[in-house]
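Structure record follows, encoded as structure tokens.
The values are calculated or read from the model by the stated rules, or taken from the named source; none is laboratory data. Just so it is clear, the structure is predicted and the values come from calculations on it, not from any experiment. With ideal geometry, Cβ positions are generated from the backbone for all residues, glycine too; neighbour counts draw on all protein chains shown. These accessible areas exclude ligands, DNA and RNA; they are computed on the full protein's heavy atoms, side chains included. Shrake-Rupley method; radii C 1.70, N 1.55, O 1.52, S 1.80 Å.
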Amino acid sequence: MSTLQARVAKLERLIEIGRTLNSTLNLRPLLNRIVQAAQELSQSEACSILLLDRRSGQLRFEAATDLPGVRFITVPLEGSIAGWVVQTGEPLVVPDVRSDPRFYRLADEQSGTRTRSVLAVPLIARDNVIGVLEAINKRGGAEFSTEDLELLGVLGNQAAVAVQNALLFLQSDWVAEIVHEVRTPLASIIAYAELMQRPDVTPAQSRQFADVILHEAERLNEMTSDFLDLTRLESGRAHLARDPVDMGTVIRMAVNVLKPQVETRQIGLSVEIPASLPHVLGDAHRLHQVMLNLINNAAKYCRPGDQVRVTVGGELGYLTVSVSDTGPGIPAEALPHMFERFYRVAAVEGQAIGSGLGLAIARQIVEAHGGTISVTSEAGHGTTFKVMLPLDAT
Ligand code: ADP
């Protein structure tokens with residue numbers, strides 16, 4: 001193929017990619033598409049996207065191809081190539097990072113990558129730099145060319161608009177959902193408060209109405225903190241630590257917190273943790289939150305006399321934690337929706353207080369650790385939630 005033909009082919013491919021980028025408002029798949037396209041166009045060994053968190057003033061890896069260890073890593077604006085690109089709004093090619101003082105070595109160390117050369121372009125949407133698209137190590141040991149720079153620049157422009165739209169959509173979608181969810185408990189609170197003001201209300205009725213108001217207000221309270229938590233996780237603003245974590249300790253701590261309420265409800269709780277466990281890499285506090293949610297749910301939706309069992313095992317580079325119960329189970333048609341925000345199973349919900357956000361939050365946390373969460377259940381016979389977390393490879 002002549003150079004001209006090759007160039008036309010690449011430009012045509014670029015137009016095609018641009019079209020597919022604009023066809024989704026779903027942030028995670030969009031970011032993955034962008035890095036894949038960037039890798040294809042730049043013929044590099046790996047590509048990544050870092051988005052700017054304006055509050056912390058740091059950049060964060062949000063998606064990458066062939067760089068499994070890079071999730072979680074934050075990069076400062078000062079003393080990094082990506083930071084330089086964000087601050088100047090200019091693209092940059094660094095043929096040899098060893099001789100460039102801007103190169104941020106820690107990211108290589110933390111992710112187990114060996115960067116030789118970098119091609120980085122800013123993601124600019126409506127005159128704001130929202131992040132950086134980076135390609136590292138041109139395949140075959142070659143250097144990044146002016147043509148690579150141009151192609152990635154055009155891709156970066158298209159990508160920035162699509163990412164900005166997805167971020168805005170995430171926000172607008174949320175606002176509508178939140179308002180909708182908050183309305184129901186608020187309407188009950190107003191209705192019951194009005195009833196309490198009626199002259200013919202008896203003291204017994206008054207107490208009963210106050211109970212409903214309290215119950216609904218507690219629900220609202222729980223919802224508001226969950227809203228915040230989930231938005232931070234979804235938008236990547238929640239900072240997750242990246243430490244070696246002993247899941248045995250994390251599970252025991254969650255069990256200790258929940259033991260009193262499990263015992264009061266006469267539910268059996270057993271925990272089986274092998275004596276020595278390999279570490280996972282992540283945020284102990286967040287993983288504690290996941291375990292609390294799963295065990296709490298199992299206890300919350302079980303009936304007196306039911307059993308909850310927490311077991312830990314290993315599978316092909318993953319640590320698995322299963323939380324099983326002999327509770328009411330979940331109908332098959334509800335299973336695909338369990339990790340969606342606000343989803344609650346009407347039949348099981350009963351009197352249990354909840355926002356319907358716990359499992360959505362748990363999924364965000366587990367996936368941010370590179371893991372998976374799944375559920376199996378048989379209506380009437382109990383439920384098992386299984387979390388798989390990659391083992392610490394360092
Ligand atoms: P919440 O408990 O706040 O409602 P979650 O997102 O934690 O929200 O759970 C969503 C729904 O899934 C619950 O409302 C309940 O209907 C169902 N659920 C969760 N765990 C279990 C379980 N162990 N057994 C039966 N149903 C469950």
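List of remarks:
- Residue tally, condition open to solvent by 30 Å² or more (accessible area, probe 1.4 Å) and part of a loop (DSSP other than H, G, I, E, B), over region 363-377: 1
- Considered as a group, the residues in region 268-278 that are surrounded by fewer than 17 Cβ atoms within 10 Å (Cβ to Cβ) and not small (Gly, Ala, Ser) include one that is nearest to the chain's Cα centre (by Cα), and that residue is PRO278.
- ALA238 meets the conditions (1) open to solvent by less than 40 Å² (accessible area, probe 1.4 Å); (2) part of a helix (DSSP H, G or I); (3) within 25 Å of ASN26 (Cβ to Cβ) in every case but one. The failed one is (2).
- Hey, LYS386 in a strand (DSSP E or B), within 27 Å of ARG232 (Cβ to Cβ), among the charged types (D, E, K, R) and open to solvent by 20 Å² or more (accessible area, probe 1.4 Å) or not: yes
- Residues located in region 44-73, provided they are touching a helix residue (DSSP H, G or I) at 6+ places or on another chain (Cβ under 9 Å) and among the polar types (S, T, N, Q): SER44, SER48, GLN58, THR65
- When ASN297 is tested against (1) free of Cβ contacts under 8 Å to residues at least 60 places away in the same chain; (2) closer than 30 Å to VAL212 by Cα, only condition (1) is not met.
- Scanning region 255-291 for residues that are under 16 Å from HIS369 (Cβ atoms) and aliphatic (A, V, I, L, M) yields a count of 7.
- Residue list for region 135-153, filter: among the β-branched types (Val, Ile, Thr) and either farther than 21 Å from VAL86 by Cα or open to solvent by 50 Å² or more (accessible area, probe 1.4 Å) (or both): THR146
- Among the conditions (1) in contact with a Pro (Cβ under 8 Å, 6 or more places away or on another chain); (2) more than 13 Å from THR383 (Cβ to Cβ); (3) among the aliphatic types (A, V, I, L, M), ALA275 misses just one, which is (1).
- Residue count for region 196-235 satisfying the condition of being open to solvent by less than 60 Å² (accessible area, probe 1.4 Å) and touching a residue at least 12 places away in the same chain (Cβ under 8 Å): 18.
- Taken over region 289-308, the criterion of being away from the ligand (no atom under 11 Å from the Cβ) and crowded, with 19+ Cβ neighbours inside 10 Å is satisfied by MET291 alone.
- Checklist (1) of a type outside the set (Ser, Thr, Tyr); (2) farther than 20 Å from ARG237 by Cα; (3) open to solvent by 10 Å² or more (accessible area, probe 1.4 Å); (4) in contact (Cβ under 8 Å) with a residue 40 or more places away in the chain applied to LEU119, failing item: (3)
- The residue that is surrounded by the fewest Cβ atoms within 10 Å (Cβ to Cβ), among those in region 309-362 that are within 8 Å of the ligand (Cβ to nearest atom) and of a type in the set (Val, Ile, Thr), is ILE353.
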